[in-house]
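Computed from the coordinates by the stated procedures, all read-outs in this text should not be read as laboratory data. Here the structure is a predicted model, which is why all the values come from computation and not from measurement. Glycine also receives a Cβ, built like all others from the backbone with ideal geometry; neighbour counts cover every protein chain displayed.
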Amino acid sequence: MESKIDYLICNGGVLLPPAKKENDEIFDKTMAINYYGHCLLIIKLLPLLQQQQSRIIIVSSIMHHLCTIRLHDLQLKELYSPIYAYCQSKLALIMFTYRFNEWIEKNRTNSTNAIYLTINSLHPGICRSDMIEKFCKIIPKFILNSVTRPVEEGTETILYAALSSKLTNISGKYLEDCSVQKSSEISYDKNIQQKLWQQTWHDLRPWLNNDEYNRLMEY
């Protein structure tokens with residue numbers, strides 16, 4: 001049984017999942033895998049993450065710039081687009097990072113600790129992963145290779161966020177190419193961040209105990 005977690009890298013993702021079904025599924029598959037699953041995992045592992053100077057790393061995408069958050073239709077039941085679902089899930093992750101950072105700062109029991117739990121999000125670069133190659137299968141390989149980077153290079157910013165001493169106690173940031181960068185303008189909207197935060201935990205309520213839910217919703 002683990003007693004602590006040093007680094008939690010949230011990098012589960014899907015692009016163009018199997019065709020959306022017209023049924024009573026609660027979550028859109030892309031939002032469930034790319035966004036909700038990470039939020040729930042973080043909360044369930046929080047007791048271990050808070051044991052020491054842990055780092056949470058959220059892997060987002062530069063594609064978050066291409067959309068907004070459809071708060072009235074997070075599951076895209078009214079108008080479905082697999083690309084929009086992907087972009088929205090990546091924007092939601094960045095907004096969650098900013099909002100969760102405020103939450104952990106408010107709930108830190110000992111603010112005098114020298115090192116504490118942090119959370120940052122990042123864009124790893126457009127990598128030649130199986131997911132991208134499947135999505136871009138009609139593009140000639142030499143063209144695809146010219147605009148993407150090897151998977152090994154895609155890990156650089158992830159490892160930087162997890163291991164660099166330059167990010168000690170740096171939290172609530174968005175990174176690209178191993179440096180802090182600005183995310184999209186809408187991602188900083190605190191009103192939307194708050195509404196997304198509340199909607200997220202409302203949607204995940206069946207998997208949260210009362211103490212977890214109340215702590216998350218009180219702020």
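Just a few scattered comments:
- Entries of LYS4/LYS195; LYS90/LYS173; LYS90/LYS182; LYS106/LYS195 with Cα pairs more than 21 Å apart: LYS4/LYS195
- Using R0 = 22 Å, the C-beta based FRET efficiency linking LYS190 and MET217 works out to 0.85.
- Kirkwood hydrodynamic radius (C-alpha pairs) into Stokes-Einstein, segment 7-79, 25 °C and 0.890 mPa s, D in µm²/s: 173 µm²/s
- Distance between the 7 Å Cα→Cβ label points at SER164 and LEU71: 3.3 nm.
- Cα centroids of segment 52-97 and segment 168-219: 11 Å apart.
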